[in-house]
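Each remark here refers to the structure printed beneath this line.
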Amino acid sequence: QCLQPTMAGPEMIQFGGRFLPVHFVGGLIEGSIPAGGWNLNYKGGVGNGRASVISRAGDPGDSNGERAWLGNVFSKPDKPFGLEFGGSYYDDLVTLSDAREFRERIVGGYAVWNKEDPEIITEIAGVRHHETATGLVTWSQAYYVQAAYRLPAFNRVLKPYYRIEHIGIDVADGMFATVPRLDDSSIIGLRYDASLFAAIKGEYRTWRRGSDVARNHGGFLQLCFTF
């Protein structure tokens, strides 16, 4: 929590979340491709997919014996310094606890400008589910954009930030029936680095999880430290 600018990461990539499988047990091969100043890199892996409870990874083994696989290509060009962007693909067969099976395919892309002034992060993902018994195909999608800037005054200890995010769930998606939608969410906050090992963060958040429900508002304060 001390390492990231905000109090919590985007909901679509939360550890233990259900939209994307952020934890993967398996083997990964990575390398680079000569491409001049583009500095292309790749990753490819095979491993256990989601467990029968989709918020959990297949740590003890794949739930149906069919391994998940993934591929990722990204670039870190020489200029501008700190820029990185890429895309990924993920494929798996998921067997739920009620024995229903879904072919899951995930495509995603991201771009990061990893500087303190500014710092910009954006990511988008589309999840396709094909229910094998019925043939029904659904698509759900999510994205976020986060920007931060370390102010030059006061010895650069203040870092304001803003994030907007969205999670759209297909209402016909049986595998994502319990995944909460997020019509829109906005976060504005300020981080104060008290030392190299401690930070204080204050945030205002507003979010809505459906057009037929009320908008939520909240203020939050966090003290975090590392060692």
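The values are calculated or read from the model by the stated rules, or taken from the named source; none is laboratory data. These numbers come from a predicted model, not from an experiment. Methodologically, a virtual Cβ is constructed for each residue, glycine included, from the backbone with ideal geometry; neighbour enumeration extends over all protein chains shown. The accessibility values were calculated without ligands, DNA or RNA, using every heavy atom of the protein model including side chains. Shrake-Rupley method; radii C 1.70, N 1.55, O 1.52, S 1.80 Å.
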Distance in nm between pseudo-label sites at H23 and L158 (7 Å out along the Cβ direction from Cα): 3.9 nm
Quick one: with all protein chains in place, what share of the accessible area of segment 78-183 is carbon or sulfur, to the nearest percent (1.4 Å probe)? 62 percent
Would you mind pulling out the separation of the Cα centroids of segment 83-127 and segment 1-38, in Å? 8 Å
Structure-derived Rg/Rh (Cα atoms, Kirkwood Rh): which label, when the choices are (i) 1.00; (ii) 1.03; (iii) 1.15: (i)
List the residues, sorted by chain then number, that are 5 or more residues from R56 or on another chain and whose placed amide H is less than 5 Å from its amide H. A51
Accessible-area value, D183, 1.4 Å probe, nucleic acids and ligands omitted, Å²: 30 Å²
Counting heavy atoms of the protein chains only and a 1.4 Å probe, report the per residue accessible area for the chain as a whole number of Å². 55 Å²
With θ set to phi - 60°, apply the Karplus curve 6.51 cos²θ - 1.76 cosθ + 1.60 along segment 96-105 and write out the HN-Hα couplings as whole Hz, x wherever there is a Gly or Pro. 7, 5, 8, 6, 5, 10, 9, 7, 10, 10
May I ask you to evaluate 6.51 cos²θ - 1.76 cosθ + 1.60, the Karplus curve with θ = phi - 60°, for each residue of segment 3-13 and list the ³J(HN,Hα) values in order in whole Hz, giving x for glycine and proline? 6, 8, x, 8, 5, 9, x, x, 5, 5, 10
In percent, how large is the relative contact order of segment 47-152, given Cα pairs closer than 8 Å and 6 or more residues apart? 19 percent
Scaled to the compact-protein estimate 2.2 N^0.38 Å, what is the alpha-carbon radius of gyration of segment 177-227, rounded to two decimal places? 1.54
Over the chain, what is the mean sequence separation of C-alpha contacts under 8 Å (at least six apart), divided by residue count, expressed as relative contact order in percent? 12 percent
Vicinal HN-Hα couplings computed from phi for segment 15-24 (Karplus, 6.51 cos²θ - 1.76 cosθ + 1.60; Hz; Gly/Pro x): 5, x, x, 10, 6, 10, x, 7, 10, 9
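Just how large is the dipole of segment 16-96 about the Cα centre, in debye to the nearest 20, putting +1 at every Lys and Arg Cβ and -1 at every Asp and Glu Cβ?
Taking the Cα centre of segment 16-96 as origin, the dipole is about 160 debye.
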